[in-house]
1. Which residues, counting only those in region 16-38, are in a helix (DSSP H, G or I) and modelled with pLDDT under 85?
2. Would you be able to tell me the number of residues in region 39-97 that are outside any helix (DSSP H, G or I) and free of Cβ contacts under 8 Å to residues at least 12 places away in the same chain?
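The values are calculated or read from the model by the stated rules, or taken from the named source; none is laboratory data. Quick caveat, the model's predicted, so the values are computed rather than measured. All Cβ positions, glycine included, derive from the backbone under ideal geometry; neighbour counts span all protein chains shown.
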Amino acid sequence: MLPNPIIPLHLQDIINRELEPGERIEWLDMPKPRFFTPASTGAFLFGIPWTAFALFWTAGAAWGVSESDTGPGLFNFFPLFGVPFILVGIGMLSTPI
């Protein structure tokens, strides 16, 4: 394998010992550190109780609608107001990704 100016020589020796005959490195890059920042960790940790409460609230609203004997009407759509909050929570939980 030809020397790569990005990889130090001692690491290139280690890599060359691991490669099978005919194998070569096709792609080389560094991880993007922005995915694992304190801000994403904070949003993730805040997203846990947010999503839990949104699921609890939506389930409670759905249970309340199912137990009510008001009949069909707009009140039956009340649990759907929790869906945007659940989606925001899922978004917060996926910030580190």
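1. Asn16, Pro33, Arg34, Phe35, Phe36, Pro38
2. Of the residues in region 39-97, 7 are outside any helix (DSSP H, G or I) and free of Cβ contacts under 8 Å to residues at least 12 places away in the same chain.
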